[in-house]
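Please treat every number below as a calculation from the coordinates, not as lab data. Please read all numbers here as calculations on a predicted model, not as lab measurements. Virtual Cβ from ideal backbone geometry, glycine too; neighbours counted across all protein chains shown.
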Amino acid sequence: MKRVGLVGGIGPASTLDYYSGIINEFRKITKGENYPEVIILSINMSEMLSYIEKDHWDSVILLLVKASERLSAAGADFAAMASNTPHLVFGEVSSRSPVPMISIVEETCRTVKSSLYSRPLCIGTLFTMRNRLYSEPLEKYGITSLLPSDEDQKKIHSFIFPNLENGIVVPEEKEKMIALLKNIINEKDADSVILGCTELPLMIKPGDLPVPIFNTTDIHIRSIVKHMLSE
């Protein structure tokens, strides 16, 4: 069994989902006989976001590379970043990481492709949407990715920060988010929605929207566990 090293804390609420999700998925596959070995390094989300807001991408990369090095030193065989936004620099980080890394973006794109949906609406933090995190990777699979308008991107971001990022789901904010997404889905003729922020599944559940959702957290977790059990 391979040990996974998680770069967590970005944010803390979704890191908890990763930990419990990995354990549950692992025990489901192994019929509950064993527990997986998970190493978590929780970094300072505020520090990372401050770099991103100032476009200090070299600092973001250095922060994440150091995290992967510490996970490797702790005994991790491979690593994963438990968040979508830092995947904006995944290529640079993974190329400098001492251990292999599994990308949430690549695994999600493969899942969307295999599901035969061709017009997913991609939502997440403002950083993720503005920088079109999923657009180019999806295009490589022949999939047209859709994005909210600039104004709607700001609204979606405001539902994520600060409450949802801290694991707090406000019922009134969920109602507003669902109504907003339904309008965007109709306007863009989207056939699915990619929840491109690992906190969004705390708010948006299967059946909340008129189209299927792709929970990137769950997709990433399944890929992590599959790699843990691979030879």
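Points to keep in mind about this one:
- For the chain, a Gaussian network of Cα nodes joined below 10 Å ranks TYR134, TYR117, TYR35 by mean-square fluctuation, and the top entry is TYR35.
- Pairs from LYS2/LYS31; LYS154/LYS174; LYS154/LYS182; LYS2/LYS113; LYS66/LYS226; LYS2/LYS226 whose Cα-Cα separation, in the structure shown, is over 21 Å: LYS2/LYS113; LYS66/LYS226
- Within a Gaussian network of the chain (alpha carbon springs, distance under 10 Å), most fluctuating of PRO98, PRO171, PRO36: PRO171
- Each residue in PHE127, PHE161, PHE26 was given a count of other beta-carbon atoms within 10 angstrom of its own, and listing them fewest first yields PHE161, PHE127, PHE26.
- Among the GluC sites (Glu not before Pro) within region 87-129, not one is in coil by DSSP while having at most 12 neighbouring Cβ atoms inside 10 Å.
- Gained length - SER95 relative to LEU180, 0.36 nm times residue gap less alpha-carbon distance: 26.8 nm
- In a fully extended conformation the segment linking LEU116 and ASN166 would gain 14.6 nm over its present Cα-Cα distance, using 0.36 nm per residue.
- Based on C-alpha pairs under 8 angstrom that are at least 6 apart in sequence, region 105-216 has a relative contact order of 33 percent.
- Here the spin labels are modelled as points 7 Å beyond Cα on the Cα-Cβ line, and at LYS155 and LYS54 they lie 3.3 nm apart.
- Gaussian network model of the chain, springs between alpha carbon atoms under 10 Å - residue of ASP191, ASP58, ASP218 with greatest fluctuation: ASP58
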